[in-house]
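Below is one structure, written out as structure tokens, with a few remarks after it.
Throughout, read-outs are computed from the coordinates displayed, never taken from laboratory work. Values in this document were obtained by computation on a predicted structure and should not be read as measured data. Glycine also receives a Cβ, built like all others from the backbone with ideal geometry; neighbour counts cover every protein chain displayed.
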Amino acid sequence: MSAAVSLSFVTWRTSDKVLNRFLCSVNEAIDALVQNMDGQVVVYAISNDGPQRASAMVAAVQRRQRPSDRVRWQILHGHGNLGYGAAQNLAIRRTQAACHFISNADLVLDRGALLHGVRFLREHPEVVAVGPQGTDAAGRYANLAKRQPTILALLLRALSVQASQGFFGRRVGTYVYDDKLPSTKAEPVELLSGCFMACRTAAVQAVGGFDERYFLYFEDFDLCRRLAAQGGVCELPELKIRHDGGYTASRGLRRSFHFACSAVRFFHRYGWRLW
């Protein structure tokens, strides 16, 4: 049976609690998908951890797998910490599915997330990638879609300036689409979050997947810039997730270093914008 849909997720120091919660939501979303479409679903579980943590991920996945001739799991580990984009590319290069989902493991999928993503891409051939209407752990809209960043916008976000706080808040609001999102219909956007997106596989493979020179951060923005040459990029309100990670304030020194290096690479390629 040929694969119609694939999903890949990457773990790195992911707690058992977080991973198990994610896997439960994946199973529920797959159930809804296979009840409404033909073809096989392939899930790529990718560990960037060392041997001990990778073994824990393998065990968690094996516990949560549900026997089915419609669903196949592939576990990839032993390669060390390649970085997020490079790890996702292991699946992107392998998949032969028409639609591929890219995911973090620190989120919870709505039961209909996969189904809505697949349906939208099938019904809108001009679109090559869609992102979710996400919420954070407290149920607040998560502003996952972004416009092209500016140095000021990134600095203000690092300082936790909110979109409602005066002149500088308006600069943040522009960056996070506060003027048009959330919406009740699919909205074209410039950039999607790499925490979760549905891609037309032919398009993401045509651009070579993620640029592996980005070890962490901005690899999703770079991918969306290149995907935009293939077709439209949208946020889809029916595609819902809860994302508990991804906050700037939680970065340590090493993550801040990766953020700065990736930001320089991104701006150097796509243009330096101060404001």
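Specify the inter-centroid distance of segment 250-275 and segment 60-94, based on alpha-carbon positions, in whole Å.
28
Please build a GNM for the chain, connecting alpha carbons under 10 Å apart, and tell me which residue among 252, 194, 85 fluctuates the most.
Per the Cα network of the chain with a 10 Å cutoff, 252 tops the list.
Could you work out the local net charge near residue 25, counting Lys and Arg as +1, Asp and Glu as -1, over the other residues with Cβ closer than 9 Å to its Cβ? Intermediate values should be presented prior to the final figure.
Details: positive: 21, 111, 242; negative: 28, 110.
Surrounding charge for residue 25 is +1.
Defining a contact as two alpha carbons under 8 Å apart and six or more residues distant in sequence, what relative contact order in percent does the chain show? Please report the intermediate quantities before stating the final value.
Working: 540 pairs, mean separation 65.3, N = 275.
Answer for the chain is 24 percent.
Any idea what the relative contact order of segment 55-167 is, in percent, if you count C-alpha pairs under 8 Å spaced at least 6 apart? List each step's numbers first, then the result.
Details: 24 pairs, mean separation 10.3, N = 113.
It rounds to 9 percent for segment 55-167.
Name the residue, out of 22, 218, 167, whose mean-square fluctuation peaks in a Gaussian network model built on the chain with Cα pairs under 10 Å.
Ranking 22, 218, 167 by mean-square fluctuation puts 167 first.
Averaging over every viewing direction, what projected area does the convex hull of the Cα atoms of the chain cover, in nm²? Mind showing how you got there, number by number?
On the way: hull surface 54.7 nm².
Result: a mean projected hull area of 13.7 nm².
Running a GNM on the chain with Cα contacts under 10 Å, which residue among 219, 123, 238 ends up with the highest mean-square fluctuation?
Taking springs between Cα atoms under 10 Å, the residue moving most is 123.
Using DSSP to call loops (not H, G, I, E or B), can you name the trypsin sites (Lys or Arg not before Pro) in segment 109-160 whose Cβ has at most 11 other Cβ atoms within 10 angstrom? Don't skip to the answer; put the middle values down first.
Values: sites: 111, 119, 122, 140, 146, 147, 157; in loops: 111, 140, 147.
Listed in order of number, the matching sites are 140.
Per DSSP helix of 4 or more residues, -39500 (n - 2.57); summed, then divided by the residues of the chain. What does that give at 222 nm, rounded to the nearest 500? Please list the in-between numbers first.
Details: 9 runs with 106 residues, N = 275.
Calculated mean residue ellipticity at 222 nm is -12000 deg cm²/dmol.
Over segment 187-275, what is the relative contact order in percent, taking alpha-carbon pairs closer than 8 angstrom and at least six residues apart? If you can, show how the numbers build up before the last one.
Values: 67 pairs, mean separation 33.5, N = 89.
About 38 percent, as a whole number.
Just the C-alpha atoms of segment 72-223: what Rg/Rh do they give, with Rh taken as the Kirkwood radius? All intermediate terms of the calculation are to be shown ahead of the outcome.
Details: Rg = 16.4 Å, Rh = 16.8 Å.
Taking Rg over the Kirkwood Rh, I get 0.97.
What net charge do the residues around residue 61 carry, taking every other residue with its C-beta under 14 Å from that of residue 61, with Lys and Arg at +1 and Asp and Glu at -1?
Details: positive: 21, 53, 63, 64, 66, 72; negative: 16, 49.
Overall, the nearby charge balance is +4.
Just to confirm the filter: which trypsin sites (Lys or Arg not before Pro) across segment 1-77 are DSSP coil and have at most 12 other Cβ within 10 angstrom of their Cβ? Kindly include the intermediate steps, with their values, before the conclusion.
Working: sites: 13, 17, 21, 53, 63, 64, 70, 72; in loops: 13, 70.
Here the trypsin sites (Lys or Arg not before Pro) that fit, given the DSSP loop and packing criteria, are 13.
I want to check the label-to-label distance for residue 37 and residue 257. Put each point 7 Å from Cα in the C-beta direction and report it in nm to one decimal.
The modelled label-to-label distance comes out at 4.1 nm.
Excluding residues on the same chain fewer than 8 positions from residue 17, give the lysines whose Cα lies under 27 Å from its Cα.
Cross-link targets: 240.
Please give the peptides 256-265, 35-44 ranked by average Cβ packing (other Cβ atoms within 10 Å per residue), highest first, as a rough proxy for protection.
On the way: 256-265: 15.7, 35-44: 17.2.
Descending mean neighbour count gives 35-44, 256-265.
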